[in-house]
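Here the structure comes first, spelled out in structure tokens, and everything after it is commentary.
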Amino acid sequence: MAFSKWEVGIILVTQMGVGILGNSFLLCVYNFTLLTGCKVRPTDLILNQLVFANSLVLFSRGIPHTMATLGSRIFLSEDGCKFLFYFQRVSRGICLSMTSLLSAFQAIRLCPHFSRWLELRMRSPTFIAFCCFLCWILNLLINISIPFLMTSPTHIENLSVRVNYGYCSTLNPNRNVRFVSIALYFTTDFVCLNLMVWASGSMVVFLLRHKQRVQHIHSNSHSSRACAEVRATSTILILASSFCLLYSLSSLLSIWMILFAIPGQWLVDTSIFLSLCFPTVSPFVLIYSDTRVTHKTVLSSWR
């Protein structure tokens with residue numbers, strides 16, 4: 001049974017509200033930690049950028065589509081459509097890049113066959129900041145063609161439209177341009193996903209070996225440190241696996257919409273919903289796994 005536009009709107013509003021609440025809370029926590037320098041971890045800057053990118057995805061993708069679903073159609077100009085979709089793609093790319101960087105960082109910390117120099121570099125705040133800056137620059141450049149493929153609903157009368165989102169439309173380029181844009185779009189994603197899969201595989205091997213060794217550990221300090229590493233690794237594995245699953249489903253829908261079919265409204269709504277799932281769920285995974293947050297929550301509840 002198909003959902004009505006009001007039912008779809010309520011689902012999206014609920015999804016965005018939950019996601020924005022979780023990401024806003026984590027942004028306050030990580031920014032406070034980075035500014036004060038209190039209990040700063042090497043991954044805090046990466047997590048801060050991931051949460052910020054999640055917020056951008058929810059605002060730039062969820063809010064306009066919800067407004068269009070509930071009846072507001074023409075509320076963006078031509079330049080507004082181009083700017084909005086450009087930052088939708090950039091923020092989505094940052095989510096993928098930061099999740100891959102986070103997975104690689106943890107794998108390098110855990111796996112003993114990496115050089116000591118590389119491990120020390122990954123612990124350097126300057127090096128991590130440079131990696132984050134590089135991810136932003138690459139995503140800003142890779143998606144530079146997106147504005148040329150978008151138009152507002154007021155300019156579609158004499159144009160060939162591929163996907164109509166209600167508030168903006170994707171133009172239908174010729175076959176060669178379409179395949180080139182898809183190749184560029186998915187090449188960087190393929191590299192990041194491979195990095196994520198490799199890092200996740202390395203961490204799974206570490207967890208299996210740790211399970212075999214943990215019964216022989218008698219030192220409380222070593223045991224607590226190992227438990228902290230396992231908790232951090234498990235969190236990153238959950239983030240990476242959920243991102244890969246949701247990304248795969250969303251990508252299949254995107255390819256189908258671009259190459260094979262003029263999508264109906266239900267397909268567009270499903271694609272938007274899937275693209276918002278990771279930014280909505282991931283902050284709560286981080287909140288649950290971060291002992292700084294859970295410890296403060298427990299203390300406040302006892303008071």
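Values in this text are rule-based calculations from the coordinates and carry no lab data. Everything numeric in this text was worked out from a predicted model, so none of it was measured. Positions of Cβ are backbone-derived with ideal geometry, glycine not excepted, and every protein chain shown enters the neighbour counts.
Return the FRET efficiency for the residue pair Leu252, Phe83: r is the Cβ-Cβ distance, R0 is 22 Å, and the value is rounded to the nearest 0.05.
Once the sixth-power term is evaluated, E becomes 0.20.
Assuming R0 = 35 Å, can you tell me the calculated FRET efficiency for the pair Val18 and Ser124, based on Cβ-Cβ distance, to the nearest 0.05?
0.50
Give the peptides 275-282, 11-18 in descending order of average Cβ contacts within 10 Å, highest first.
The densest-packed peptide leads the list: 275-282, 11-18.
With viscosity set to 0.890 mPa s at 25 °C, what whole-number translational diffusion coefficient in µm²/s follows for region 38-93 from Stokes-Einstein and a Kirkwood radius over Cα pairs?
D = 191 µm²/s.
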